[in-house]
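What follows is one structure encoded as structure tokens, with my remarks underneath.
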Amino acid sequence: MTALNDQVPVAIVVLGAGAIDTARRIQARYPGSLVHGLESRVPADVAFTELGPHLRELYAHNTPIIALCAAGIVIRCLASALADKSFEAPVLAVAEDGSAVVPLLGGLGGVNVMAREIAAALDVAPAITTSGELRFGTCLLNPPAGYVLADIELGKRFVSDLLAGATTRVEGHAPWLNAADLPRAKDASLAIRITPHTSEVPGELMIHPRCVVVCVTALSSVDSILERVSQTWREHRLSPMSLAAVLAPLSMIASAPLADVAQALDVPLRFGTLPAGFETLESHDDGIVIALAPQPVDPTTLGQARGTLTVIGLGPGSADLMVPAARRALTQADDVLGYETYVRMAGPFAPHQVLHCTDNREEMQRARHAFELASTGHNVVVVSSGDPGVFAMAAAVLEALDEGRDNALWNAVQLQVVPGVSAALATAARAGAPLGHDFCMLSLSDNLKPWVVIETRLRHAAQADLVMAFYNPVSRARPWQLDRALDIVREHRSGGTLIVLGRNIGRPGETLTTTTLDKLHSSQVDMRTMVIVGSSTTRSFPRSNGDGDWVYTPRWYE
Ligand code: SAH
């Protein structure tokens, strides 16, 4: 049993290299979790510069936190951010060497469950301090996945009554309570009742199994479906909390109103047919069936989800130049496709995530494969470096979809493109602001376009005095193209025109060179280089730290 919503990645926070082994052991226990490292001390999946603000931000976003440092440090950092709310994500302190696991906050968010999980992974005993849990061996207020506690305030009172000596009955099927050490008595006035139905009997702790499925087979309006559902709740005295999922036939997979219905009901939307074993509670002419299972229903076992395909850009290389939406898509991915170098760069991955690494030239095949995977309900991510729309996978994915326009399954996939920091922008930022005025981006690769087109564009761009960013300037298969391109530029620009060369920007071994058009030689450039050719107004001046020049193109024009 795990108390965590799979959508929220756990943050494992480390302050030094001494904690990294323990952090990685914990990470293996939580797929999708990320190790956050103090930038000045330890490289990790996510870098941060100051512990206090970083912990407070994670806490504010309800991210479960496992901090590998003294409990006191975590308490001091979070004290000012503590909110009075009935739900907060788990916060734990773990000793660097893995010898102690201390749950601190998030009792109702399952912190003790996590403490037990982490302690089991580290082979130590967790420091559980919650009296109800110690006494009864379970947290009554935090039932396992598939069950929901109806009223937390009532629950707290119930537990204090038990701690004060009251006894209870258990009514209904609660397998996890069998192992608990509850003060049971057959004639007790208090009762723990496990049922999808509501009850107004005082002194009853209601726990609802999520065992109701709303099946929609024909689409009326969102409002009429919601009205039909709440009518069923009323007539059958069902708790809305017992709803497990909305289920619809595969033919309705792209329906936006259905997505609105599921969102309004706050449950997963699945597509397929209802498995055997359900009792039909209501069947309406307007295509709505309400079905009840004898046990909680795991929504992932009902048909399939609507698949997603997210095309992301990783930025130039370093994790801090990747946009958070891209990181989120990677965390939620079932499958990741891309050129091997980029897929490796996008890691680390959890064991359940499937990587599909292909050669750089197989873009169309990769795009089609991505749609095939996504149309079976997977969350698929296609990675590019930089921005996915700049000489990269987004256009290939759209081309595949355009070709497959008759493919209903492909069209049902929820497609999204997440932008990234393109190499030209990353290089420009390192140099200063060479793209501060009008500029263009050109790929010098003639793999997919005739060389004459490139020459024509270069000539026009050079004549128009645009700053130019050259992508794919050379490769082993294209040795002469850059020299030819520079010859064309030299016909229109003076020898003193500023040139910025960014090599492996944001990656290990990054270099930045500023030179001029007359001094530039193609041997200084390789396929990992971004070449920015200045305009007639691009200028430079020495940096005050003596570390080369700042280069910029003024916003105005003479
Ligand atoms: N989609 C990518 C570009 C892919 S084309 C983007 O938006 O950045 C590949 C070319 O981009 C390389 O030949 C090189 O010219 C440039 N490039 C990509 N990453 C780079 C980096 N980290 N540093 C310098 N140039 C890079």
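The values are calculated or read from the model by the stated rules, or taken from the named source; none is laboratory data. Quantities reported herein were computed from a predicted structural model and do not represent experimental measurements. Note that each Cβ is placed from the backbone with ideal geometry, even for glycine, and that neighbours are counted across all protein chains shown. Quick note on the areas: whole protein, heavy atoms, side chains included, nothing else; ligands and nucleic acids left out. Shrake-Rupley method; radii C 1.70, N 1.55, O 1.52, S 1.80 Å.
Quick notes
- Each residue in the range 356-373 was checked for being of a type in the set (A, V, I, L, M, F, W, C) and surrounded by fewer than 16 Cβ atoms within 10 Å (Cβ to Cβ), and 2 of them qualify.
- Selection within the range 318-344: residues that are within 13 Å of the ligand (Cβ to nearest atom) and out of contact with any Asp or Glu (no Cβ under 8 Å at 6 or more places or on another chain). The member of this set that is most open to solvent (accessible area, probe 1.4 Å) is Thr341.
- Matching option when the condition is in contact with a helix residue (DSSP H, G or I) (Cβ under 8 Å, 6 or more places away or on another chain), within 21 Å of Gly377 (Cα to Cα), open to solvent by 50 Å² or more (accessible area, probe 1.4 Å) and not assigned by TED's automatic domain parsing to the domain that holds Val413, among Ala254, Ala244, Ala248: Ala254
- Residue satisfying condition, being touching a Leu at 6+ places or on another chain (Cβ under 9 Å), of a type in the set (Val, Ile, Thr) and touching a residue at least 24 places away in the same chain (Cβ under 8 Å), within set Thr138, Thr129, Thr167: Thr138
- Filter pass, Leu401 being away from the ligand (no atom under 16 Å from the Cβ), open to solvent by less than 40 Å² (accessible area, probe 1.4 Å) and either touching a strand residue (DSSP E or B) at 6+ places or on another chain (Cβ under 9 Å) or of a type in the set (Lys, Arg) (or both): yes
- Single residue of the range 207-222 satisfying the filter (modelled with pLDDT of 95 or more and not β-branched (Val, Ile, Thr)) that is most open to solvent (accessible area, probe 1.4 Å): Arg210
- Gln416 being more than 15 Å from the ligand (Cβ to nearest atom), open to solvent by 60 Å² or more (accessible area, probe 1.4 Å) and in contact with a strand residue (DSSP E or B) (Cβ under 7 Å, 6 or more places away or on another chain): yes
- Any hit, the range 374-383, residues being within 16 Å of the ligand (Cβ to nearest atom), open to solvent by 50 Å² or more (accessible area, probe 1.4 Å) and under 22 Å from Val323 (Cα atoms): no
- Single match in Ala392, Ala408 (criterion: within 15 Å of the ligand (Cβ to nearest atom), open to solvent by 10 Å² or more (accessible area, probe 1.4 Å), not hydroxyl-bearing (Ser, Thr, Tyr) and not assigned by TED's automatic domain parsing to the domain that holds Gly272): Ala392
- Flag if Pro296 is open to solvent by 30 Å² or more (accessible area, probe 1.4 Å) and outside any helix (DSSP H, G or I): yes
- Matching residues, the range 485-508, being assigned to a loop (DSSP other than H, G, I, E, B), away from the ligand (no atom under 13 Å from the Cβ) and open to solvent by less than 70 Å² (accessible area, probe 1.4 Å): Arg493, Gly495, Gly496, Thr497
- Filter result for Gly98 (over 32 Å from the mean Cα position of the chain (by Cα) and not aliphatic (A, V, I, L, M)): no
- Per-region count, the range 432-457, residues within 16 Å of the ligand (Cβ to nearest atom), surrounded by fewer than 16 Cβ atoms within 10 Å (Cβ to Cβ) and among the small types (Gly, Ala, Ser): 0
- Exactly one residue out of Leu482, Leu466 is closer than 25 Å to Thr537 by Cβ, within 16 Å of the ligand (Cβ to nearest atom) and assigned by TED's automatic domain parsing to the domain that holds Thr529, and it is Leu482.
- When Thr516, Thr529, Thr511 are checked against the criterion of being open to solvent by less than 20 Å² (accessible area, probe 1.4 Å) and of a type outside the set (Asp, Glu), Thr529 stands alone in meeting it.
- Checked against (1) outside any loop (DSSP other than H, G, I, E, B); (2) within 16 Å of the ligand (Cβ to nearest atom); (3) out of contact with any Lys or Arg (no Cβ under 8 Å at 6 or more places or on another chain); (4) farther than 22 Å from Gln463 by Cβ, Phe541 passes all but a single condition, namely (2).
- Filter result (within 20 Å of Cys139 (Cβ to Cβ) and surrounded by fewer than 14 Cβ atoms within 10 Å (Cβ to Cβ)) within the range 177-206: Asn178, Ala179, Asp181, Arg184
- With respect to the stated conditions, Glu340 is in contact (Cβ under 8 Å) with a residue 12 or more places away in the chain and in contact with a strand residue (DSSP E or B) (Cβ under 6 Å, 6 or more places away or on another chain).
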